Amino acid sequence: MARETFYITTPIYYVNDLPHIGHIYTTVVADTIARYKRMRGLDVRFLTGTDEHGQKMDRSAKQRGVSPKDLADQVVSRYHELWKHLEITNDDFIRTTEKRHHDGVHAVIDRMQTKGDIYKGSYGGWYCAGCEAFYPETQLVDGKCPDQGHPVEWLQEESYFFRLSAYQDRLLAFYREHPEFIRPESRYNEVVRFVEMGLKDLSISRVSLKWGIPWPGDPEHVVYVWLDALSNYVSALGFGSRKTALYDRYWPAALHLVGKDILRFHCVYWPAFLMSAGLPLPRQVFGHGWWLRDERKMSKSLGNVVRPDALLERFGPDALRYFLLREMTFGQDASFSDEGFLGRYNADLANGLGNASARVLAMARRYFEGRTPTERCEDNAIRAKAAEVVGRWRDAMDAFEFQRALEAVWELLTAVDGYVNEKAPWGIAKAEGASSPRLHRVLYNCLEALRLAAVMVSPVMPAMAGRLLAQLGVADQRLDDQALAWGGLPTGQPLGGEGVLFPRADVEAFFGEAKVDENTKPQTGAPAPAEAIAPAPAPAPAPVAQPAEADQIGIEEFARVKLVVGKIRAAERVPKSKKLIRMDVDLGEPTLRQIVGGIGGRYEPEQLVGRQIVVVANLKPATLMGVESRGMLLAASLDGAPFLLGVDAEVPPGTGVK
């Protein structure tokens with residue numbers, strides 16, 4: 001039995017400049033949906049690509065002193081690098097300069113001409129090169145295009161026209177019969193109102209521009225960019241060639257993903273072209289919102305776009321993918337800021353997912369000699385929570401509500417933390433020993449919940465999901481519906497290697513480096529040269545401020561501080577204190593040293609046992625909450641949170657630190 005097909009497309013991106021966060025967002029969303037649909041067992045075809053014709057491209061190439069094709073080749077290489085870095089799983093990449101696309105465009109035009117829907121005439125109107133569109137004078141705002149505020153110019157020339165006006169009633173009837181065709185609902189209403197206002201015939205060729213696909217049988221004309229560009233969705237499947245197996249298998253598309261600014265072209269012009277050509281219409285067009293900066297749509301002409309290089313270099317693709325899908329309600333606008341990204345990164349990834357997994361895995365390694373538990377628990381609160389979360393996650397993913405889907409997963413992670421605090425595995429181990437069946441069942445529940453979380457986030461963060469599953473000892477990392485059933489974690493198997501999933505970001509240092517990097521950029525309004533298309537290097541480190549002379553100390557004074565390596569042998573919370581933890585520390589002395597540290601806000605006592613730390617061993621004793629402390633451990637402080645300084649395990653306790 002043939003599997004259900006799911007053909008998903010992004011818009012083809014214009015290559016007159018480098019890709020930015022808007023391009024990344026649409027492509028990451030498409031990749032997430034494609035991965036999810038593959039998990040559900042569908043036969044997926046995922047297409048993206050580049051739009052390389054038109055006036056903007058011609059002008060940009062002239063500004064750079066290169067040919068349009070050379071500029072396209074340079075920018076397209078950057079897209080390929082970026083999609084590889086972001087682990088985009090597209091099955092095809094279409095370029096409008098390819099022969100297969102030219103053949104497809106000519107085949108569509110031939111069908112439209114046979115239908116009698118194309119005629120030659122003369123056209124005059126206000127043309128926006130930025131949007132590649134004409135606008136009636138009544139729609140202009142302060143003499144500029146109404147969509148993005150670009151300047152317009154009056155163009156009048158001979159043109160081929162498409163009888164769009166003849167399709168007004170057919171389009172309205174189609175919308176009524178297929179209300180799911182345009183999503184979200186607000187976009188549906190917007191398109192219907194536009195068509196109800198009346199449609200005029202559409203100019204679909206140019207004689208003043210030579211960079212484009214020649215009109216079949218009339219090389220003085222080139223095909224207007226939107227008829228050219230929209231046809232990519234079928235030309236990429238072989239339409240117009242002798243090889244139509246992909247077209248027969250995957251068309252009509254299940255989903256066109258587009259930004260709301262090009263909704264009209266996909267929901268009015270494209271279906272009308274297809275009706276004229278006698279081809280099936282796509283099942284759905286989803287017009288998502290814009291990423292805003294300073295409350296304005298990001299635009300290359302406005303100079304407020306976000307380039308991805310610095311964030312990708314510093315935090316990796318998974319963190320950026322997560323932020324984009326977690327921060328924006330799909331279909332609405334959202335604001336992008338580095339502060340918002342870093343806040344989400346530290347709260348959700350470093351602290352939430354990172355700490356939950358590190359905490360549970362550390363106990364499993366310690367209590368079970370680096371293996372998964374040998375006892376399962378079939379009836380427990382975490383299993384019930386996981387079943388509820390998996391159901392909500394699946395419903396949200398089916399509805400493209402990625403924000404809600406991720407919220408559900410993080411509810412499960414929060415439940416794991418609460419479950420650990422309630423069951424106190426360290427207490428069970430102390431009272432009953434590491435072989436306690438109850439200890440095994442409790443930690444199995446936690447590890448299995450982490451496995452399910454990894455599977456659920458895999459469409460959004462594929463690399464991280466693979467690392468977490470490997471740490472959990474899951475050798476068969478299949479990602480399908482069966483992987484979402486409880487009990488998939490193998491028992492008694494070796495856990496994978498250790499490693500921090502998401503190191504906490506130093507917000508202050510990041511912005512210090514960004515400021516240094518910004519101050520070193522050349523200040524110019526000229527277009528980026530071709531060599532600027534290479535990936536940006538990592539930001540230069542911020543300079544370290546030198547202390548004032550009065551604050552400096554001599555080497556003799558520093559030598560009075562005795563720093564030694566210590567190993568924590570036992571740890572427990574100080575009663576009635578939220579932050580203080582009492583530790584028995586081995587400093588290579590005949591007896592263990594009792595040290596009290598205010599680190600309980602970040603560390604659980606069981607996380608500390610066995611850690612190698614650095615201790616000030618000759619500090620005068622102090623009493624904290626009635627407990628004597630005979631030394632001080634060293635920790636870095638980040639946003640008020642302590643991070644213990646560590647030493648390699650092979651260094652014995654008592655070794656001096658210089």
Contour minus Cα-Cα distance for ARG371 and LYS576 (0.36 nm per residue): 70.3 nm
Set of lysines near LYS243 by C-alpha distance (under 25 Å), chain-local residues within fewer than 8 positions excluded: LYS99, LYS115
Förster radius 51 Å - calculated FRET efficiency between LYS210 and ASN351 (Cβ-Cβ, nearest 0.05): 0.35
Fraction of beta bridges assigned by DSSP in the chain that are antiparallel (%, nearest 5): 70 percent
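Taking the Cα centre of the chain as origin, sum charge times position over the Cβ atoms of Lys and Arg (+1) and Asp and Glu (-1), and report the length of that vector in debye to the nearest 20. Could the numbers behind the result be given before it?
Values: 79 positive and 84 negative charges, 261 e Å.
Dipole of the chain, to the nearest 20 debye: 1260 debye.
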Charge dipole (debye, nearest 20) of the range 373-416; +1 at Cβ of Lys and Arg, -1 at Cβ of Asp and Glu: 60 debye
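Sum -39500 (n - 2.57) across every DSSP H segment of at least 4 residues in the chain, then divide by the residue count to get the 222 nm mean residue ellipticity, nearest 500.
Helix-only estimate at 222 nm: -11500 deg cm²/dmol.
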Among ILE599, GLY626, GLY566 - extreme Cα towards positive end, dipole of the range 554-644, charges at beta-carbon: GLY626
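Can you put LYS385, LYS56, LYS579, LYS200 in order of Cβ neighbours within 10 angstrom, beginning with the fewest?
LYS200, LYS579, LYS385, LYS56
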Label point 7 Å beyond Cα of GLN156 along Cβ direction - residues of the range 109-144 with amide nitrogen under 11 Å: 123-125
Partnerless Cys - the chain, beta-carbon criterion under 4.7 Å: CYS267, CYS377, CYS446
Amide H contacts under 5 Å for ARG371, placed H, 5+ residues apart: LEU495
Using θ = phi - 60° and Karplus 6.51 cos²θ - 1.76 cosθ + 1.60, couplings along the range 137-148 (whole Hz; Gly, Pro as x): 4, 5, 8, 5, 10, 6, x, 10, 5, x, 7, 10
Segments 255-266, 26-37 sorted - mean Cβ within 10 Å per residue, highest first: 26-37, 255-266
Net dipole in debye of the range 348-484 [+1 Lys, Arg Cβ; -1 Asp, Glu Cβ; about Cα centre; nearest 20]: 560 debye
Relative contact order of the range 554-644, defined on C-alpha pairs under 8 angstrom at six or more residues apart (%): 28 percent
Net lengthening on full extension, PHE194/ASP379 (0.36 nm per residue, minus Cα-Cα): 61.0 nm
Positive minus negative residues near GLU401 (Lys, Arg vs Asp, Glu; Cβ under 13 Å): +2
Translational diffusion of the chain, µm² s⁻¹ [Kirkwood Rh, Cα pairs; Stokes-Einstein; 4 °C; 1.567 mPa s]: 45 µm²/s
Length-normalised contact order for the chain - Cα pairs under 8 Å, 6+ apart - percent: 11 percent
Protection proxy ranking, peptides 201-212, 42-53, average beta carbon neighbours within 10 Å, highest first: 42-53, 201-212
Listed residue (PRO373, ALA387, VAL416) projecting farthest to the positive dipole end of the range 368-487, Cβ model: PRO373
Euclidean distance of C-alpha centroids, the range 21-86 and the range 240-274, integer Å: 17 Å
Distant-in-sequence amide H partners of PHE161 (H built 1.01 Å from N, under 5 Å): TYR119, LYS120, GLY121, ILE204
In order through the range 71-83: 3J(HN,Hα) via Karplus (6.51 cos²θ - 1.76 cosθ + 1.60), integer Hz, x for Gly, Pro: 4, 4, 4, 5, 6, 4, 4, 5, 4, 4, 4, 5, 5
Residue list for the range 237-259, given a label point 7 angstrom along the Cα-to-Cβ vector of ASP110 and an amide N cut-off under 15 Å: 238-244
Pair ASP648, ASP398: separation of 7 Å Cα→Cβ label points (nm): 5.4 nm
Per-residue ³J(HN,Hα) for the range 436-444, Karplus 6.51 cos²θ - 1.76 cosθ + 1.60, θ = phi - 60°, Hz, x for Gly and Pro: 4, x, 5, 4, 4, 5, 4, 6, 4
Of LYS423/LYS620; LYS260/LYS385; LYS56/LYS144, pairs whose Cα-Cα distance is over 26 Å: LYS423/LYS620; LYS260/LYS385
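Throughout, read-outs are computed from the coordinates displayed, never taken from laboratory work. Keep in mind the model is a prediction, meaning the values are calculated, not measured. Cβ atoms come from the backbone with ideal geometry, glycine included; neighbour counts cover every protein chain shown.
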